[in-house]
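Peer 1: One structure, pasted below without further comment.
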Amino acid sequence: MTLQASLKNYTIGFVLSVILTLLAYGAVVNHWSTGWVLIALIISLAIVQLVIQLVFFLHLGNETKPRWNLLTFLFMMMVLLIIVIGSLWIMNNLNYNMMMSPEEMDTYMMQQSNKGF
């Protein structure tokens, strides 16, 4: 790939990424929709931007052994999903278990200490 073709690909990828970012920003600031529809729109734009960055910046699909790069990418996505989903699960569990006021928590802790735990 020549320097000019590479610069052209990087420029196209950059412009498309900026456009997608501005679309997501505009959707939130201008209240194009609300609730789950807005979340779905932002996630969709993020996925499209991910694909654009994989193709234009990381050149996924242009290598001699694309299968290994794809397997590496899929493994990385699996690990990332485990980390994100696990973190959200833990935070949700902590939020559920910490819904008591400080006074209720003190009372609960005193009851537990009186039980011998």
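Here, each number is a calculation from the coordinates, and none is a lab measurement. Model, not experiment: these values are computed from the prediction. Note that we place each Cβ from the backbone using ideal geometry, even for glycine, and neighbour counts take in every protein chain shown.
Peer 1: Once you wrap a convex hull around the alpha carbon atoms of the chain, what is its projected area averaged over all directions, in nm²?
Peer 2: Projected over every direction and averaged, the Cα hull of the chain covers 12.6 nm².
Peer 1: Cα centroid distance between the range 5-37 and the range 92-117, in Å?
Peer 2: If you average the Cα positions of each part, the centres end up 45 Å apart.
Peer 1: Please work out the Kirkwood hydrodynamic radius for the range 1-62, using every pair of different C-alpha atoms, and report it in angstroms with one decimal place.
Peer 2: One decimal place: 12.7 Å for the Kirkwood radius.
Peer 1: Based on the alpha-carbon gyration tensor of the range 64-108, what equivalent-ellipsoid semi-axes (square roots of 5 times the eigenvalues) come out, in whole Å, largest first?
Peer 2: 43, 5, 5
Peer 1: Counting other beta carbons within 10 Å of each residue's own, what order do HIS59, HIS31 fall into, fewest first?
Peer 2: HIS31, HIS59
Peer 1: Which value, in debye to the nearest 20, describes the size of the charge dipole of the chain about its Cα centre when Lys and Arg Cβ atoms bear +1, Asp and Glu Cβ atoms bear -1, and nothing else is charged?
Peer 2: 580 debye
Peer 1: Using each residue's phi in the range 27-38, evaluate 6.51 cos²θ - 1.76 cosθ + 1.60 at θ = phi - 60° and report the 3J(HN,Hα) Karplus result to the nearest Hz, with x for Gly and Pro.
Peer 2: 5, 7, 5, 8, 6, 4, 7, 9, x, 5, 5, 5
Peer 1: Sticking with this structure for a sec: Ignoring everything except DSSP H segments at least 4 long, calculate the 222 nm mean residue ellipticity for the chain; use -39,500 (n - 2.57) per segment, divide by total residues, nearest 500.
Peer 2: When only DSSP H runs of four or more count, the value is -28500 deg cm²/dmol.
Peer 1: Residue-wise, which Karplus ³J(HN,Hα) couplings in Hz belong to the range 74-88, taking 6.51 cos²θ - 1.76 cosθ + 1.60, θ = phi - 60°, and x for glycine or proline?
Peer 2: Along the range 74-88, the couplings run 5, 5, 4, 5, 5, 4, 4, 5, 4, 5, 5, 5, x, 5, 5 Hz.
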